[in-house]
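Here the structure comes first, spelled out in C-alpha coordinates, and everything after it is commentary.
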Amino acid sequence: MRLSRYFIPTLKENPQEAQILSHRFMLRAGMIHQEAQGIYSWLPLGLRVLKKIENIIREEQNKAGALEVLMPTLQPADLWRESGRFDAYGKEMLRIKDRHERDLLYSPTNEEMITAIFRKFVRSYRDLPKMFYQINWKFRDEIRPRFGVMRGREFLMKDNYSFDLNYEDAVNAYDLMYKTYLKTFKRLGVKVIPTQADSGPIGGDLSHEFCILAETGETTLYYDPIYDTLGSDFDHKDISELKKYYAATDEKHKPGDAPIPEEQLSVARGTEVGHIFYFGTKYSEVMNAKIVNPKGEEVLAHMGSYGIGVSRLVGAIIDASHDDKGIIWPESVAPYRIGLINLRSGDANCDKVSNDIYTQLTNNNEEVLYDDRDQRLGVKLADMELIGLPWQLIIGPKGIAQNTVELKCRKTNESQELSLESALNHMTKNNARAA
Ligand code: 5CA
(Lines give C-alpha, C1' and ligand atoms only; values in the text may rest on other atoms or scores of the structure.)
Protein backbone atom coordinates (compact mmCIF):
# COMPACT_ATOMS: atom_id res chain seq x y z
CA MET A 1 0.00 0.00 0.00
CA ARG A 2 1.28 3.42 -0.93
CA LEU A 3 0.88 5.88 1.90
CA SER A 4 0.12 8.64 -0.60
CA ARG A 5 -3.07 6.78 -1.48
CA TYR A 6 -3.85 5.42 1.94
CA PHE A 7 -5.81 6.95 4.78
CA ILE A 8 -4.00 7.35 8.08
CA PRO A 9 -5.23 10.57 9.68
CA THR A 10 -2.36 10.85 12.20
CA LEU A 11 -2.39 13.47 14.96
CA LYS A 12 0.76 15.22 16.16
CA GLU A 13 -0.65 16.36 19.47
CA ASN A 14 -1.86 14.08 22.20
CA PRO A 15 -5.66 14.03 22.11
CA GLN A 16 -6.94 15.46 25.37
CA GLU A 17 -9.74 13.00 25.89
CA ALA A 18 -7.37 10.03 25.90
CA GLN A 19 -6.29 9.08 29.40
CA ILE A 20 -4.32 5.98 28.65
CA LEU A 21 -1.50 5.29 26.32
CA SER A 22 -3.20 2.79 24.02
CA HIS A 23 -6.11 5.15 23.44
CA ARG A 24 -3.70 8.01 22.71
CA PHE A 25 -1.66 5.96 20.25
CA MET A 26 -4.76 4.57 18.53
CA LEU A 27 -6.10 8.08 17.95
CA ARG A 28 -2.70 9.51 17.02
CA ALA A 29 -2.01 6.67 14.56
CA GLY A 30 -5.42 7.23 12.94
CA MET A 31 -6.69 3.74 13.77
CA ILE A 32 -10.11 4.67 15.13
CA HIS A 33 -12.50 7.57 15.19
CA GLN A 34 -14.94 8.20 18.03
CA GLU A 35 -18.57 8.59 16.93
CA ALA A 36 -20.25 8.68 20.34
CA GLN A 37 -19.18 7.75 23.87
CA GLY A 38 -17.73 4.25 23.67
CA ILE A 39 -18.63 3.87 19.97
CA TYR A 40 -15.94 3.95 17.30
CA SER A 41 -15.40 3.72 13.59
CA TRP A 42 -12.46 1.53 12.66
CA LEU A 43 -10.28 3.24 10.08
CA PRO A 44 -8.15 1.24 7.61
CA LEU A 45 -5.06 0.77 9.79
CA GLY A 46 -7.01 -0.12 12.93
CA LEU A 47 -9.30 -2.46 11.03
CA ARG A 48 -6.33 -4.42 9.67
CA VAL A 49 -5.12 -5.11 13.21
CA LEU A 50 -8.62 -6.01 14.36
CA LYS A 51 -8.96 -8.49 11.46
CA LYS A 52 -5.58 -10.08 12.17
CA ILE A 53 -6.49 -10.62 15.80
CA GLU A 54 -9.87 -11.97 14.75
CA ASN A 55 -8.29 -14.44 12.34
CA ILE A 56 -5.82 -15.84 14.85
CA ILE A 57 -8.66 -16.32 17.32
CA ARG A 58 -10.77 -17.95 14.58
CA GLU A 59 -8.00 -20.36 13.58
CA GLU A 60 -7.50 -21.52 17.14
CA GLN A 61 -11.23 -21.89 17.75
CA ASN A 62 -11.53 -23.99 14.59
CA LYS A 63 -8.56 -26.14 15.64
CA ALA A 64 -10.35 -26.83 18.92
CA GLY A 65 -13.33 -28.11 16.95
CA ALA A 66 -15.63 -25.16 17.65
CA LEU A 67 -18.11 -24.36 14.86
CA GLU A 68 -18.45 -20.79 13.65
CA VAL A 69 -21.93 -19.27 13.44
CA LEU A 70 -23.19 -15.71 13.19
CA MET A 71 -26.18 -14.61 15.22
CA PRO A 72 -28.01 -11.30 14.87
CA THR A 73 -27.00 -8.33 17.00
CA LEU A 74 -30.66 -7.30 17.28
CA GLN A 75 -32.63 -9.98 19.09
CA PRO A 76 -36.23 -10.44 20.14
CA ALA A 77 -36.83 -9.68 23.81
CA ASP A 78 -39.04 -12.75 24.23
CA LEU A 79 -36.04 -15.06 24.16
CA TRP A 80 -34.49 -13.09 26.98
CA ARG A 81 -37.76 -13.08 28.92
CA GLU A 82 -37.53 -16.87 28.98
CA SER A 83 -34.22 -16.75 30.80
CA GLY A 84 -35.31 -13.85 32.97
CA ARG A 85 -32.43 -11.72 31.81
CA PHE A 86 -34.53 -9.16 29.91
CA ASP A 87 -35.33 -7.58 33.26
CA ALA A 88 -32.32 -8.79 35.22
CA TYR A 89 -29.70 -7.30 32.92
CA GLY A 90 -30.61 -3.77 33.91
CA LYS A 91 -29.56 -0.57 32.20
CA GLU A 92 -26.54 -2.09 30.49
CA MET A 93 -28.86 -3.71 27.98
CA LEU A 94 -29.90 -1.48 25.11
CA ARG A 95 -33.59 -1.98 24.41
CA ILE A 96 -35.23 -0.97 21.15
CA LYS A 97 -38.78 -1.05 19.80
CA ASP A 98 -39.47 -1.84 16.17
CA ARG A 99 -42.27 -0.23 14.11
CA HIS A 100 -44.77 -2.77 15.47
CA GLU A 101 -43.85 -1.82 19.05
CA ARG A 102 -42.17 -5.17 19.55
CA ASP A 103 -39.27 -5.21 22.00
CA LEU A 104 -35.84 -5.91 20.65
CA LEU A 105 -32.45 -5.63 22.23
CA TYR A 106 -28.88 -5.26 21.03
CA SER A 107 -27.21 -8.41 22.28
CA PRO A 108 -24.72 -7.93 25.15
CA THR A 109 -23.88 -11.68 25.07
CA ASN A 110 -25.54 -14.73 23.51
CA GLU A 111 -26.35 -17.58 25.86
CA GLU A 112 -30.09 -17.32 25.17
CA MET A 113 -30.05 -17.44 21.38
CA ILE A 114 -27.52 -20.24 21.05
CA THR A 115 -29.41 -22.29 23.64
CA ALA A 116 -32.61 -21.79 21.64
CA ILE A 117 -30.88 -22.99 18.46
CA PHE A 118 -29.40 -25.95 20.30
CA ARG A 119 -32.65 -27.10 21.91
CA LYS A 120 -34.46 -26.97 18.59
CA PHE A 121 -32.04 -29.21 16.71
CA VAL A 122 -29.93 -31.26 19.11
CA ARG A 123 -31.65 -34.13 20.93
CA SER A 124 -29.24 -36.97 21.42
CA TYR A 125 -26.01 -37.53 23.33
CA ARG A 126 -24.69 -38.86 20.00
CA ASP A 127 -24.61 -35.29 18.71
CA LEU A 128 -22.42 -34.14 21.57
CA PRO A 129 -20.07 -32.53 22.38
CA LYS A 130 -20.87 -29.30 20.50
CA MET A 131 -19.24 -25.91 20.62
CA PHE A 132 -20.52 -22.94 18.66
CA TYR A 133 -18.78 -19.60 18.43
CA GLN A 134 -19.16 -16.29 16.69
CA ILE A 135 -17.08 -13.16 16.32
CA ASN A 136 -19.58 -10.37 16.47
CA TRP A 137 -20.37 -6.94 17.85
CA LYS A 138 -21.94 -6.62 21.26
CA PHE A 139 -23.49 -3.65 22.96
CA ARG A 140 -23.35 -2.91 26.68
CA ASP A 141 -24.52 0.50 27.74
CA GLU A 142 -21.61 0.81 30.17
CA ILE A 143 -22.09 3.50 32.79
CA ARG A 144 -18.52 4.69 32.30
CA PRO A 145 -17.19 3.84 28.85
CA ARG A 146 -13.53 4.76 28.92
CA PHE A 147 -10.02 4.15 27.71
CA GLY A 148 -11.12 4.01 24.08
CA VAL A 149 -11.74 0.49 22.84
CA MET A 150 -10.79 -1.00 26.20
CA ARG A 151 -14.18 -0.33 27.71
CA GLY A 152 -16.46 0.53 24.84
CA ARG A 153 -20.21 0.36 24.57
CA GLU A 154 -20.11 -1.31 21.17
CA PHE A 155 -17.27 -3.84 21.05
CA LEU A 156 -16.20 -6.93 19.15
CA MET A 157 -16.26 -10.20 21.05
CA LYS A 158 -15.51 -13.79 20.26
CA ASP A 159 -18.12 -15.75 22.18
CA ASN A 160 -18.21 -19.51 22.29
CA TYR A 161 -20.80 -21.78 23.91
CA SER A 162 -20.29 -25.44 24.76
CA PHE A 163 -22.95 -28.12 25.24
CA ASP A 164 -22.21 -31.43 26.92
CA LEU A 165 -23.99 -34.44 28.36
CA ASN A 166 -22.58 -34.21 31.85
CA TYR A 167 -20.23 -32.40 34.22
CA GLU A 168 -17.11 -34.39 33.26
CA ASP A 169 -17.52 -33.72 29.55
CA ALA A 170 -18.26 -30.05 30.22
CA VAL A 171 -15.07 -29.72 32.23
CA ASN A 172 -13.18 -31.26 29.31
CA ALA A 173 -14.66 -28.58 27.06
CA TYR A 174 -13.69 -25.94 29.62
CA ASP A 175 -10.12 -27.23 29.79
CA LEU A 176 -9.89 -27.38 26.02
CA MET A 177 -10.85 -23.71 25.82
CA TYR A 178 -8.46 -22.86 28.66
CA LYS A 179 -5.64 -24.40 26.65
CA THR A 180 -6.87 -22.86 23.39
CA TYR A 181 -6.77 -19.44 25.06
CA LEU A 182 -3.17 -19.89 26.14
CA LYS A 183 -2.24 -20.80 22.56
CA THR A 184 -4.25 -17.92 21.11
CA PHE A 185 -2.73 -15.28 23.37
CA LYS A 186 0.75 -16.62 22.75
CA ARG A 187 0.20 -16.25 19.00
CA LEU A 188 -1.10 -12.73 19.57
CA GLY A 189 2.25 -11.92 21.18
CA VAL A 190 0.94 -11.17 24.67
CA LYS A 191 1.52 -12.77 28.01
CA VAL A 192 -1.61 -13.57 30.00
CA ILE A 193 -2.15 -14.89 33.49
CA PRO A 194 -5.13 -17.22 33.87
CA THR A 195 -6.80 -16.17 37.12
CA GLN A 196 -9.66 -17.68 39.08
CA ALA A 197 -12.55 -15.29 38.76
CA ASP A 198 -16.03 -14.40 39.79
CA SER A 199 -18.64 -15.25 37.19
CA GLY A 200 -20.77 -12.10 37.56
CA PRO A 201 -24.05 -11.82 35.58
CA ILE A 202 -23.18 -14.80 33.36
CA GLY A 203 -23.44 -17.00 36.44
CA GLY A 204 -21.91 -20.36 37.28
CA ASP A 205 -19.34 -21.81 39.61
CA LEU A 206 -16.16 -22.23 37.60
CA SER A 207 -14.58 -19.28 35.91
CA HIS A 208 -11.19 -17.94 34.82
CA GLU A 209 -10.18 -14.52 33.56
CA PHE A 210 -7.20 -14.22 31.23
CA CYS A 211 -5.40 -11.01 32.09
CA ILE A 212 -2.55 -9.07 30.55
CA LEU A 213 -0.43 -7.27 33.13
CA ALA A 214 -0.87 -3.51 32.64
CA GLU A 215 -0.75 -0.61 35.06
CA THR A 216 -3.96 0.79 33.65
CA GLY A 217 -5.74 -2.54 34.09
CA GLU A 218 -9.08 -2.46 35.91
CA THR A 219 -8.54 -5.71 37.81
CA THR A 220 -6.11 -6.36 40.65
CA LEU A 221 -4.43 -9.73 40.40
CA TYR A 222 -2.93 -11.81 43.20
CA TYR A 223 -0.68 -14.51 41.81
CA ASP A 224 2.12 -16.95 42.37
CA PRO A 225 5.36 -15.17 41.38
CA ILE A 226 6.19 -18.19 39.26
CA TYR A 227 4.12 -16.48 36.54
CA ASP A 228 6.68 -13.67 36.46
CA THR A 229 9.29 -16.19 35.35
CA LEU A 230 7.18 -18.35 33.05
CA GLY A 231 7.22 -16.11 29.97
CA SER A 232 4.34 -16.55 27.56
CA ASP A 233 5.39 -20.02 26.60
CA PHE A 234 3.51 -22.17 29.03
CA ASP A 235 0.65 -23.39 26.85
CA HIS A 236 2.37 -26.78 26.50
CA LYS A 237 2.16 -27.39 30.25
CA ASP A 238 -0.41 -29.72 31.66
CA ILE A 239 -3.50 -27.75 32.71
CA SER A 240 -3.81 -29.54 36.02
CA GLU A 241 -0.24 -28.48 36.75
CA LEU A 242 -0.90 -24.90 35.68
CA LYS A 243 -3.99 -24.68 37.82
CA LYS A 244 -1.82 -25.46 40.84
CA TYR A 245 -0.12 -22.08 40.49
CA TYR A 246 -2.33 -19.68 42.36
CA ALA A 247 -3.77 -16.64 40.60
CA ALA A 248 -7.02 -14.84 41.36
CA THR A 249 -8.75 -11.54 40.68
CA ASP A 250 -9.54 -9.13 43.53
CA GLU A 251 -13.20 -10.16 43.50
CA LYS A 252 -12.30 -13.78 44.02
CA HIS A 253 -9.19 -13.55 46.16
CA LYS A 254 -9.42 -13.91 49.95
CA PRO A 255 -6.30 -13.61 52.09
CA GLY A 256 -5.23 -17.11 53.05
CA ASP A 257 -6.69 -18.72 49.89
CA ALA A 258 -3.34 -19.22 48.22
CA PRO A 259 -1.21 -22.26 49.04
CA ILE A 260 1.77 -19.91 49.53
CA PRO A 261 2.04 -17.18 52.19
CA GLU A 262 0.03 -14.04 51.38
CA GLU A 263 3.08 -11.76 51.46
CA GLN A 264 4.82 -13.84 48.83
CA LEU A 265 2.08 -13.31 46.27
CA SER A 266 2.71 -10.89 43.42
CA VAL A 267 0.09 -8.15 43.28
CA ALA A 268 -0.39 -6.28 40.02
CA ARG A 269 -3.00 -4.63 37.83
CA GLY A 270 -4.27 -6.49 34.80
CA THR A 271 -6.57 -6.10 31.81
CA GLU A 272 -9.07 -8.87 31.27
CA VAL A 273 -8.92 -9.97 27.64
CA GLY A 274 -10.68 -13.31 27.99
CA HIS A 275 -13.18 -14.86 30.35
CA ILE A 276 -14.37 -18.45 30.50
CA PHE A 277 -17.28 -19.86 32.48
CA TYR A 278 -18.75 -23.23 33.28
CA PHE A 279 -22.33 -22.68 34.42
CA GLY A 280 -23.77 -26.18 34.24
CA THR A 281 -27.50 -26.31 33.64
CA LYS A 282 -28.30 -22.69 34.52
CA TYR A 283 -29.57 -21.79 31.03
CA SER A 284 -30.62 -25.25 29.82
CA GLU A 285 -32.92 -25.44 32.84
CA VAL A 286 -34.76 -22.15 32.34
CA MET A 287 -34.86 -22.64 28.58
CA ASN A 288 -35.60 -26.34 28.69
CA ALA A 289 -32.66 -27.54 26.58
CA LYS A 290 -32.68 -31.32 27.04
CA ILE A 291 -30.86 -34.21 25.49
CA VAL A 292 -31.40 -37.93 25.62
CA ASN A 293 -28.59 -39.82 27.37
CA PRO A 294 -27.45 -43.37 26.50
CA LYS A 295 -30.04 -44.78 28.92
CA GLY A 296 -32.81 -43.06 27.00
CA GLU A 297 -33.44 -40.49 29.75
CA GLU A 298 -33.92 -36.80 29.06
CA VAL A 299 -31.29 -34.71 30.86
CA LEU A 300 -30.36 -31.04 30.88
CA ALA A 301 -27.37 -30.00 28.79
CA HIS A 302 -24.28 -28.79 30.66
CA MET A 303 -23.03 -25.54 29.29
CA GLY A 304 -20.08 -23.19 29.37
CA SER A 305 -19.32 -19.93 27.63
CA TYR A 306 -16.00 -18.50 26.59
CA GLY A 307 -15.39 -14.89 25.62
CA ILE A 308 -12.47 -12.95 24.19
CA GLY A 309 -12.51 -9.16 23.88
CA VAL A 310 -11.35 -8.82 20.28
CA SER A 311 -11.53 -5.03 19.99
CA ARG A 312 -10.25 -4.61 23.55
CA LEU A 313 -7.19 -6.66 22.58
CA VAL A 314 -6.11 -4.02 20.07
CA GLY A 315 -5.71 -1.56 22.95
CA ALA A 316 -4.39 -4.15 25.39
CA ILE A 317 -1.64 -5.25 23.00
CA ILE A 318 -0.57 -1.62 22.55
CA ASP A 319 -0.51 -1.08 26.32
CA ALA A 320 1.75 -4.12 26.60
CA SER A 321 3.99 -3.29 23.63
CA HIS A 322 5.14 0.27 22.91
CA ASP A 323 7.81 2.85 23.66
CA ASP A 324 7.67 6.63 23.94
CA LYS A 325 7.65 7.01 20.14
CA GLY A 326 4.75 4.76 19.44
CA ILE A 327 3.38 1.28 19.04
CA ILE A 328 5.57 -1.83 18.66
CA TRP A 329 3.32 -4.41 16.97
CA PRO A 330 4.00 -8.09 17.50
CA GLU A 331 4.55 -9.49 13.97
CA SER A 332 1.45 -11.65 14.09
CA VAL A 333 -0.97 -8.72 14.41
CA ALA A 334 0.95 -5.86 12.75
CA PRO A 335 -1.19 -4.01 10.18
CA TYR A 336 1.71 -4.36 7.72
CA ARG A 337 4.93 -6.21 8.30
CA ILE A 338 7.27 -3.79 6.55
CA GLY A 339 7.37 -0.01 6.38
CA LEU A 340 9.25 1.12 3.29
CA ILE A 341 10.44 4.70 3.63
CA ASN A 342 11.62 6.72 0.70
CA LEU A 343 13.61 9.45 2.43
CA ARG A 344 13.67 11.67 -0.62
CA SER A 345 10.55 11.35 -2.72
CA GLY A 346 11.07 13.19 -5.99
CA ASP A 347 14.72 12.18 -6.28
CA ALA A 348 14.87 9.99 -9.39
CA ASN A 349 17.23 7.39 -7.91
CA CYS A 350 15.42 7.11 -4.59
CA ASP A 351 12.08 6.82 -6.34
CA LYS A 352 13.34 4.13 -8.68
CA VAL A 353 14.98 1.98 -6.00
CA SER A 354 12.00 2.39 -3.64
CA ASN A 355 9.48 1.58 -6.36
CA ASP A 356 11.46 -1.49 -7.40
CA ILE A 357 11.68 -2.77 -3.85
CA TYR A 358 8.00 -2.13 -3.31
CA THR A 359 7.11 -4.08 -6.44
CA GLN A 360 9.37 -6.99 -5.56
CA LEU A 361 8.12 -7.27 -2.01
CA THR A 362 4.45 -7.00 -2.89
CA ASN A 363 4.92 -9.54 -5.71
CA ASN A 364 6.32 -11.76 -3.00
CA ASN A 365 3.08 -11.33 -1.03
CA GLU A 366 4.75 -9.27 1.63
CA GLU A 367 2.61 -6.72 3.41
CA VAL A 368 4.34 -3.41 2.77
CA LEU A 369 3.30 0.11 3.67
CA TYR A 370 5.31 2.36 1.37
CA ASP A 371 5.80 5.95 2.49
CA ASP A 372 6.09 7.62 -0.91
CA ARG A 373 4.66 10.90 0.34
CA ASP A 374 6.28 14.19 -0.49
CA GLN A 375 6.92 14.87 3.18
CA ARG A 376 9.75 15.96 5.41
CA LEU A 377 12.12 13.21 6.46
CA GLY A 378 11.45 13.83 10.17
CA VAL A 379 7.72 13.45 9.67
CA LYS A 380 8.12 10.21 7.75
CA LEU A 381 10.40 8.67 10.35
CA ALA A 382 8.22 9.80 13.26
CA ASP A 383 5.03 8.52 11.61
CA MET A 384 6.61 5.13 10.97
CA GLU A 385 7.73 4.86 14.60
CA LEU A 386 4.24 5.81 15.77
CA ILE A 387 2.52 3.28 13.51
CA GLY A 388 4.94 0.67 14.82
CA LEU A 389 5.41 -1.80 11.95
CA PRO A 390 7.95 -4.52 12.89
CA TRP A 391 10.45 -3.74 10.11
CA GLN A 392 11.51 -0.49 8.47
CA LEU A 393 13.33 -0.45 5.17
CA ILE A 394 14.82 2.99 4.69
CA ILE A 395 15.96 4.19 1.28
CA GLY A 396 18.06 7.36 1.03
CA PRO A 397 20.51 8.97 -1.41
CA LYS A 398 23.60 8.20 0.72
CA GLY A 399 22.83 4.51 0.88
CA ILE A 400 21.99 4.31 -2.80
CA ALA A 401 25.39 5.81 -3.66
CA GLN A 402 26.99 2.89 -1.78
CA ASN A 403 24.43 0.39 -2.98
CA THR A 404 22.96 -0.13 0.47
CA VAL A 405 19.66 0.30 2.26
CA GLU A 406 18.93 0.49 5.96
CA LEU A 407 16.91 -2.23 7.67
CA LYS A 408 15.65 -1.36 11.11
CA CYS A 409 13.87 -3.54 13.62
CA ARG A 410 11.21 -1.50 15.46
CA LYS A 411 11.35 -3.63 18.57
CA THR A 412 15.11 -3.70 19.21
CA ASN A 413 15.80 -0.39 17.45
CA GLU A 414 18.74 -2.11 15.75
CA SER A 415 19.70 -0.95 12.28
CA GLN A 416 21.78 -2.67 9.66
CA GLU A 417 23.21 -1.35 6.40
CA LEU A 418 22.65 -4.09 3.87
CA SER A 419 22.98 -4.53 0.17
CA LEU A 420 19.64 -4.29 -1.51
CA GLU A 421 19.71 -7.97 -2.30
CA SER A 422 20.42 -9.14 1.22
CA ALA A 423 17.83 -6.74 2.62
CA LEU A 424 15.24 -8.30 0.35
CA ASN A 425 16.41 -11.76 1.32
CA HIS A 426 16.18 -10.81 4.93
CA MET A 427 12.64 -9.66 4.41
CA THR A 428 11.33 -12.80 2.83
CA LYS A 429 9.22 -14.36 5.50
CA ASN A 430 11.21 -17.40 6.49
CA ASN A 431 14.50 -15.59 6.71
CA ALA A 432 13.03 -12.96 8.96
CA ARG A 433 11.41 -15.54 11.20
CA ALA A 434 14.74 -17.28 11.67
CA ALA A 435 16.53 -13.99 12.36
N1 5CA B 1 -20.92 -14.71 27.51
C2 5CA B 1 -19.64 -14.55 28.11
C3 5CA B 1 -18.54 -15.19 27.38
S4 5CA B 1 -18.94 -15.84 25.86
C5 5CA B 1 -19.33 -13.07 28.32
O6 5CA B 1 -20.04 -12.22 27.88
N7 5CA B 1 -18.20 -12.83 28.98
S8 5CA B 1 -17.66 -11.41 29.42
O9 5CA B 1 -18.69 -10.58 29.91
O10 5CA B 1 -16.58 -11.64 30.33
O11 5CA B 1 -17.07 -10.73 28.14
C12 5CA B 1 -16.07 -11.39 27.39
C13 5CA B 1 -14.90 -10.47 27.09
O14 5CA B 1 -15.36 -9.32 26.38
C15 5CA B 1 -14.22 -9.90 28.30
O16 5CA B 1 -13.23 -10.79 28.77
C17 5CA B 1 -13.60 -8.62 27.77
O18 5CA B 1 -12.32 -8.88 27.21
C19 5CA B 1 -14.55 -8.21 26.68
N20 5CA B 1 -15.40 -7.08 27.09
C21 5CA B 1 -16.40 -7.09 28.02
N22 5CA B 1 -16.94 -5.87 28.14
C23 5CA B 1 -16.27 -5.05 27.28
C24 5CA B 1 -16.37 -3.66 26.94
N25 5CA B 1 -17.28 -2.88 27.50
N26 5CA B 1 -15.51 -3.17 26.00
C27 5CA B 1 -14.59 -3.98 25.41
N28 5CA B 1 -14.47 -5.29 25.69
C29 5CA B 1 -15.29 -5.83 26.61
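Within segment 102-109, the presence of at least one residue that is modelled with pLDDT of 95 or more, among the aliphatic types (A, V, I, L, M) and either farther than 26 Å from Tyr306 by Cβ or part of a strand (DSSP E or B) (or both) is confirmed. For segment 332-353, a residue qualifies if it is surrounded by fewer than 22 Cβ atoms within 10 Å (Cβ to Cβ) and farther than 26 Å from Ile32 by Cβ, and the qualifying residues are Leu343, Arg344, Ser345, Gly346, Asp347, Ala348, Asn349, Cys350, Asp351, Lys352, Val353. Among the residues of segment 134-182, those identified as within 13 Å of the ligand (Cβ to nearest atom), assigned to a loop (DSSP other than H, G, I, E, B) and either open to solvent by 20 Å² or more (accessible area, probe 1.4 Å) or among the aromatic types (Phe, Trp, Tyr) (or both) are Arg140, Asp141, Glu142, Ile143, Arg144, Pro145, Phe147, Arg153.
In segment 88-98, the condition of being of a type in the set (Asp, Glu), assigned to a loop (DSSP other than H, G, I, E, B) and assigned by TED's automatic domain parsing to the domain that holds Ile318 is met by at least one residue.
Taking helices (runs of 4 or more DSSP H) as the structural unit, those lying wholly within segment 335-435 and holding at least 1 residues that are within 24 Å of Ile8 (Cβ to Cβ) correspond to 348-363, 377-387, 420-427, 429-434.
Answer with yes or no whether Lys52 is part of a helix (DSSP H, G or I), touching a residue at least 12 places away in the same chain (Cβ under 8 Å), surrounded by fewer than 15 Cβ atoms within 10 Å (Cβ to Cβ) and out of contact with any strand residue (DSSP E or B) (no Cβ under 9 Å at 6 or more places or on another chain). Answer is no for this residue.
Of everything in segment 25-45 that is touching a Ser or Thr at 6+ places or on another chain (Cβ under 9 Å) and open to solvent by less than 10 Å² (accessible area, probe 1.4 Å), the residue that is farthest from Leu386 (Cα to Cα) is Ile32.
Taking the listed residues Asp324, Asp356, the one that is over 25 Å from the mean Cα position of the chain (by Cα), open to solvent by 10 Å² or more (accessible area, probe 1.4 Å) and not β-branched (Val, Ile, Thr) is Asp356, with no other qualifying.
Table: residues versus (1) open to solvent by 20 Å² or more (accessible area, probe 1.4 Å); (2) among the small types (Gly, Ala, Ser); (3) touching a residue at least 60 places away in the same chain (Cβ under 8 Å); (4) within 22 Å of Asn293 (Cα to Cα).
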site	(1), (2), (3), (4)
Ile57	no, no, yes, no
Lys63	yes, no, yes, no
Leu79	yes, no, no, no
Lys91	yes, no, no, no
Arg99	yes, no, no, no
Leu105	no, no, no, no
Phe121	yes, no, no, yes
Arg126	yes, no, no, yes
Phe132	yes, no, yes, yes
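Each residue in segment 25-45 was checked for being closer than 20 Å to Glu142 by Cβ and not in a loop (DSSP other than H, G, I, E, B), and 11 pass. Among residues of segment 142-155 that are in the same structural domain as Ala18 (by TED's automatic domain parsing), those with a Cβ under 8 angstrom from a residue that is within 6 Å of the ligand (Cβ to nearest atom) and part of a strand (DSSP E or B), sequence gap 6+ or separate chain, pair up as Glu142/Arg151; Arg144/Arg151; Pro145/Arg151; Val149/Phe155; Phe155/Gly309.
The values are calculated or read from the model by the stated rules, or taken from the named source; none is laboratory data. Since we're looking at a predicted model, the values are computed, not measured. All Cβ positions, glycine included, derive from the backbone under ideal geometry; neighbour counts span all protein chains shown. Calculation scope for accessible area: heavy atoms of the full protein, side chains included, ligands and nucleic acids excluded. Shrake-Rupley method; radii C 1.70, N 1.55, O 1.52, S 1.80 Å.
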